[in-house]
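One structure is given below, encoded as structure tokens.
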Amino acid sequence: VQEADDLPEGVRRRIQDHPCYSEQAHHHFARMHVAVAPACNIQCHYCNRKYDCANESRPGVVSRRLTPAEAIDRVLWVAEQVPELSVVGIAGPGDALANPERTFQTLEGIRRHAPDLKLCLSTNGLALPEHVDTLMELGVEHVTVTVNAVDPEVGARIHPWVRGPGCRLHGEAAAERLIRQQQEGIRRLVERGALVKVNSVLIPGINDRHLREVARALRGQGVFLHNIMPLIARPEHGTRFGLDGRREPTPAELAAVRDACGGDVRMMRHCRQCRADAVGRLGEDLGPRFEREPPPPAL
Ligand code: SF4
Ligand code: SF4
């Protein structure tokens, strides 16, 4: 695994102000999420749709949903007040690419009005292959894909259904489609020079032993960073329980899986599982402050 100092200059430049891709940057730079994407095209057993997508955020939190125009206004307004803001991401509250019009309208507006901000997106990957070209045209160079399994038998225990062409797929057929789409999407992104981060939710008894295999596959695919996140399964977080009352991993279990997988891809250890409308450095949320203040003027 390469340390940051060993990275090629071009890559270092691209991650140096992105708090999720660079551990140093997360002390100095802030990112903001705008919750413009309400729908989702799959079901994860651990997800409660009343709350934010767990791809990139802490479950049990309801973000204020914004229209693309509201989101663009809010970004410009926050950027004026938070000079360390460097990245704007779309991570829900559903799946960014299950709402392509809203997502792309938002990204396009931000790029036009605030071209210095980096654009970022997080997705379950189902609709990724068909959107890679648009993402690249919009200058989205950082994409996160949530990959919990590379074996349909394991995936079927995590995702009960996935949208297929004209119908819903269930069981292993669903997982197989999701995995195929994720792999094809990642392949196209890497080919186009995007920096791909993969999030995996560690679910004890389901994919804990399997994540080693996931990490090996990611290495072969040229993924830049792997973020293994613990399942958050507390009733107060509204987690839906389709996983037979699965428990959260202990900190020791999480550390052991990260260590086992860390030889394959750079391992992210500074993730703080923030909310889908978070504002600030990782682990800090200035979002409520901006909620209390008056809304920004229209463009
Ligand atoms: Fe929920 Fe996100 Fe999974 Fe969709 S991708 S079911 S919003 S956790
Ligand atoms: Fe960071 Fe993920 Fe948000 Fe991008 S989408 S800014 S990687 S938390």
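Coordinate-derived values only; no laboratory data. Just so it is clear, the structure is predicted and the values come from calculations on it, not from any experiment. Virtual Cβ from ideal backbone geometry, glycine too; neighbours counted across all protein chains shown.
Below, the figures for the structure above:
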read-out: Cα-derived Rg to Rh of segment 117-272, Kirkwood definition; value: 0.96
read-out: Segment 7-95 pair-distance distribution - Cα-Cα, 10 Å bins, rounded %; value: 16, 37, 33, 13, 0
read-out: Compactness of segment 169-220 as Cα Rg over 2.2 N^0.38 Å, two decimals; value: 1.26
read-out: In order through segment 207-218: 3J(HN,Hα) via Karplus (6.51 cos²θ - 1.76 cosθ + 1.60), integer Hz, x for Gly, Pro; value: 10, 4, 7, 7, 5, 4, 5, 4, 4, 4, 5, 5
read-out: Beta bridge orientation in segment 130-264: antiparallel %, DSSP, nearest 5; value: 25
read-out: Segment 76-125: Rg to Rh, with Rh as the Kirkwood radius over Cα pairs; value: 0.99
read-out: FRET E, pair Glu23, Glu172, Förster distance 45 Å, beta-carbon r, rounded to 0.05; value: 0.75
read-out: Bins of 5 Å, starting at 0 and running to the largest distance - Cα pair percent for segment 87-191; value: 2, 13, 23, 22, 18, 11, 7, 3, 1, 0
read-out: Convex hull of segment 22-149 built on C-alpha atoms - directionally averaged projected area, nm²; value: 7.9
read-out: Cut-off under 5 Å, modelled amide H: who pairs with Asn227 long-range; value: Val198, Asn199, Ser200, Met268
